[in-house]
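The values are calculated or read from the model by the stated rules, or taken from the named source; none is laboratory data. Just so we're clear, the structure is a prediction, and the values are computed from it rather than from any experiment. Please note: Cβ atoms are built from the backbone with ideal geometry, for glycine as well, and neighbour counts cover all protein chains shown. For accessibility, only protein heavy atoms count, side chains too; no ligands or nucleic acids. Shrake-Rupley method; radii C 1.70, N 1.55, O 1.52, S 1.80 Å.
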Amino acid sequence: MENYRSKATILSVLSMGLGQIYNRQFMKGIVFLLVEAWSVFYFSGSLGRALWGIVTLGEEPRRLVRGKWVEGDHSIFILVQSLITLLFLVLFIIAYIMNVRDAYKTAQKREQGQQPNNFKQSVRYMLDYKFAQAFLTLPTIGVLFFTIMPILFMIMLAFTNYSAPNHIPPAKLVDWVGFQTFKDLLSLKTWSHTFFGVLTWTIIWAVLSTVTTYLGGLLVALLINQQGIKFKGMWRTILVIPYAIPQLISLLVMRNMFNGQFGPINQYLGYFGLGGLPWLTDPFWAKVTVIVVNMWVGIPVSMILIMGILTTIPKDMYEAAEIDGANGYQKFRIITLPMILFSTAPTLIMQFAGNINNFNAIYLLTNGNPVVGDYQYAGATDLLVTWLYKLTLDQNKYNMASAVGIIIFLIIASFSIYNYRRTKSFKEEDMIQ
């Protein structure tokens, strides 16, 4: 028996498409050859510069020559262009491997006496049996260049000195500095004090905002769901209004209501002889304010979710519990709460992760203020994500902001994966599979 596999494999390794042509799949082979021809043309003019750029980040800054500015290398543009070229190289390598595998499998079928598919049959096979993979190819490429590439770019910036005022292109070049940015963030007193202070508040905020909105939504849902409560539809409508109003409007209105000695809230307290409180100017009360306002915005979300779950709990479970002599608290502890937690545990984890990055609630309500004198570009209510925003857009500390972004990702990813894998819903899904 003729050894088709070795010949087709060797030819496909030598050049894309040759193995397909050997297997008499001429159209497919031509397509692979065109892909390789375009790749060779593209990489011949860009791959060398990409490798140079990713290593050096440029060699000549903008300079003044005889009274005129001569443009030099822009380190950030070079980094982005190099990253794009290297991602194209990854795609090309994947396509090359697919070309070799396809030639090998087709040759194997020929050895078994099967006729290789022609181009029309290959397209039909792809549409009938590989449609999902083919359909997801373009979205996957989009995710690679518009999601993964910016993440990789951010990670790379954390290992550079890209920061104002001394290393901003094109006037200055950016250099690789390794882990120096992380070392400065964690060891320099001005940065480490700010980082650990903001990190502590971020964790406290995430825990309190998640617990208060969840328990508040649970309490309201249970109250509305009680027998004997009339006009349930009206109560649901009233309580969901804060969620129906755009969050931007709600938070800006709340900001004005709590603002200053003569804000509506302090004026209302004054009618009862109570002194006004520094809701947004004192660090402690500012933190209390953002948690309370977040409850106003977040409780309706938990209420809607839990009310939907309550309607799915079979009534006969409560009837059986009543026959066994269970009181209201026992029915809640044994039936209601486990059913709610089982369904909402993944959502609860997502809410916690979302609250760590709850930019709107903090930035629109307090802008991270009040100012803390010994903090580096951060206020008393700043979260890591709002501090990152200020470092990037206000201070141009791009390398430090990237380091903070990496730390945020590590915190959220590790917490979410660990806790999600411990939920009963995940374990039961894994057992079903």
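Mind listing the long-range amide H neighbours of Thr160? Cut-off is under 5 Å, sequence gap 5 or more, other chains count too, H placed in the peptide plane at 1.01 Å from N.
Residues meeting the criterion, in which the H sits 1.01 Å from N, are Val177.
Where q = 0.22 Å⁻¹, what log10 of I(q)/I(0) comes from the Debye formula for the stretch 362-415, counting one point per Cα?
-0.82
Can you tell me the accessible area per residue over the chain, all protein chains present, probe 1.4 angstrom, in square angstrom?
59 Å²
What residues of the stretch 364-398 lie in the reach of a label at Ile249, counting those whose backbone N is under 18 Å from a point 7 Å from the Cα along Cα→Cβ?
Only 364-365 pass the distance filter.
Only helices at least 27 Å long along their own axis, judged from Cα atoms, and with Kyte-Doolittle mean hydropathy of 0.0 or greater: name those in the chain from DSSP H.
For the chain, where a helix must reach 27 Å along its axis and average at least 0.0, the hits are 26-56, 75-111, 189-225, 283-310, 398-422.
How do the peptides 326-335, 78-87 rank, highest first, by the average count of neighbouring beta carbon atoms within 10 Å per residue?
Peptide ranking by packing, descending: 78-87, 326-335.
Distance between the C-alpha centers of the stretch 309-326 and the stretch 198-268? Whole Å please.
That distance is 30 Å.
Translational D (Stokes-Einstein, µm²/s) of the stretch 251-337 at 10 °C and 1.306 mPa s when Rh comes from the Kirkwood sum over C-alpha pairs?
Translational D for this selection: 97 µm²/s.
One quarter of the convex hull surface, Cα atoms only: what value does that give for the stretch 111-186 in nm²? Present the calculation step by step, with values, prior to reporting the outcome.
Values: hull surface 42.2 nm².
Over every viewing direction, the Cα hull of the stretch 111-186 projects on average to 10.6 nm².
Just the Kirkwood number for the chain, please: inverse of mean 1/r across all distinct Cα pairs, in Å, one decimal.
27.5 Å
Among the lysines, which have Cα under 21 Å from the Cα of Lys130 when same-chain residues fewer than 8 positions away are ignored?
Partners found: Lys28, Lys105, Lys109, Lys120.
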